[in-house]
């Protein structure tokens, strides 16, 4: 019997030898496959785990239905989540399953549109119950990122950082958050800068946080810069950035500007301007602004 150095070599050799008949006898195929690559115990374990949840049968069904790559991958990810709680083993199972699918049908060798895999991930991310669907979404998000879709990075970061639907993993969450920042995701950049500023999950570095935020033309970034400078008692700089955020209709920046005008912190005291910004923040739903206006005997609506 010929032996192969990798499971992939064995899969392609066996599919050429047995053809589509493999799909009719999954256990026999797995047994032969393991024999053909006897020196790869860990890969054999992954393939057997995949076989235990009838992954080959699911692949066969998808192929027969002419399913898209994203639909096939979603089915594989669901099976992987059912097979084990270990995230690394799940990823290995998905990798083996993709390999087998590609060996059986050339249309599954690559994905032409990674955004479709991302969309599949979003559909699972929004489903209930979260405990069973978010792990599937994570596998799909990770695959969509590997295929070139950067949109998944922020969801991966937040899911791992918050432990939403899976075990919390701050290190992995920060890894994805930093990647998303490097790829230019503004929301991720603001979140990453805030964590650097506060020293949450990463070494505190106010100067780096400020540098990241100053590179963003974003109302949340302006507000956070205001918060950083106010905390550092640089009130004129704080006012400058609060005003930028307020002019972009950032409700908390508007409230901060109103308080600055009311107290004269970083700007000349001006109650007319204070009331103007309180009313604007109140109209945007800020409860504190509404309360302050009531105290002042002013209406906001």
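The values are calculated or read from the model by the stated rules, or taken from the named source; none is laboratory data. Note that the structure is a prediction, hence the values are computed from the model and not measured. Virtual Cβ from ideal backbone geometry, glycine too; neighbours counted across all protein chains shown.
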Restricting to region 89-124, count the residues that are over 16 Å from residue 141 (Cβ atoms) and part of a helix (DSSP H, G or I). 14
Options 225, 139, 154: the member that is assigned to a helix (DSSP H, G or I) and closer than 30 Å to residue 265 by Cβ: 225
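Let's see how each residue does on (1) surrounded by fewer than 23 Cβ atoms within 10 Å (Cβ to Cβ); (2) touching a strand residue (DSSP E or B) at 6+ places or on another chain (Cβ under 6 Å); (3) free of Cβ contacts under 8 Å to residues at least 40 places away in the same chain:
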site	(1), (2), (3)
124	no, no, no
127	yes, no, yes
143	no, no, no
147	yes, no, yes
156	no, no, yes
Give the residues of region 129-139 that are more than 10 Å from the chain's Cα centre (by Cα), in contact (Cβ under 8 Å) with a residue 40 or more places away in the chain and either closer than 18 Å to residue 108 by Cα or surrounded by 18 or more Cβ atoms within 10 Å (Cβ to Cβ) (or both), sorted by residue number. 135, 136, 139
Checked pairs for region 268-295, first free of Cβ contacts under 8 Å to residues at least 60 places away in the same chain and on the phi > 0 side of the Ramachandran plot, second part of a helix (DSSP H, G or I) and surrounded by 15 or more Cβ atoms within 10 Å (Cβ to Cβ), C-beta under 9 Å and 6 or more apart or across chains, list as 285/251
Please work out if residue 212 is touching a helix residue (DSSP H, G or I) at 6+ places or on another chain (Cβ under 6 Å), within 24 Å of residue 243 (Cα to Cα) and either free of Cβ contacts under 8 Å to residues at least 24 places away in the same chain or not in a helix (DSSP H, G or I) (or both). no
Might you let me know whether region 101-108 holds any residue that is more than 19 Å from residue 149 (Cβ to Cβ) and modelled with pLDDT under 75? yes
Right, residue 160: part of a helix (DSSP H, G or I) and farther than 28 Å from residue 285 by Cβ or not? yes
For region 63-78, give me each residue that is farther than 15 Å from residue 120 by Cα and in contact (Cβ under 8 Å) with a residue 24 or more places away in the chain. 63
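Conditions (1) more than 18 Å from residue 292 (Cβ to Cβ); (2) touching a helix residue (DSSP H, G or I) at 6+ places or on another chain (Cβ under 9 Å); (3) in contact (Cβ under 8 Å) with a residue 24 or more places away in the chain; (4) surrounded by 14 or more Cβ atoms within 10 Å (Cβ to Cβ), marked per residue:
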site: 185; (1), (2), (3), (4): yes, yes, yes, yes
site: 197; (1), (2), (3), (4): yes, yes, yes, yes
site: 203; (1), (2), (3), (4): yes, yes, no, no
site: 232; (1), (2), (3), (4): yes, yes, yes, no
site: 236; (1), (2), (3), (4): yes, yes, yes, no
site: 263; (1), (2), (3), (4): no, yes, no, no
Quick check: is even one residue across region 165-178 under 12 Å from the mean Cα position of the chain (by Cα), surrounded by 17 or more Cβ atoms within 10 Å (Cβ to Cβ) and not in a helix (DSSP H, G or I)? no
Does region 276-294 contain at least one residue that is buried (at least 19 other Cβ atoms within 10 Å of the Cβ), within 30 Å of residue 180 (Cα to Cα) and either out of contact with any helix residue (DSSP H, G or I) (no Cβ under 8 Å at 6 or more places or on another chain) or modelled with pLDDT of 95 or more (or both)? no
Take residue 253 and decide whether it is within 16 Å of residue 223 (Cα to Cα), buried (at least 19 other Cβ atoms within 10 Å of the Cβ) and without any contact (Cβ under 8 Å) to a residue 40 or more places away in the chain. yes
Would you mind telling me which numbered condition in (1) under 30 Å from residue 162 (Cα atoms); (2) out of contact with any helix residue (DSSP H, G or I) (no Cβ under 6 Å at 6 or more places or on another chain); (3) without any contact (Cβ under 8 Å) to a residue 24 or more places away in the chain; (4) not in a loop (DSSP other than H, G, I, E, B) residue 191 fails? (3)
Only one of 268, 244 that is over 17 Å from residue 300 (Cα atoms), in a loop (DSSP other than H, G, I, E, B) and at pLDDT 95 or above: 268
Please work out which residue is modelled with the lowest pLDDT, limiting yourself to region 59-82 and to residues that are in a helix (DSSP H, G or I) and more than 23 Å from the chain's Cα centre (by Cα). 60
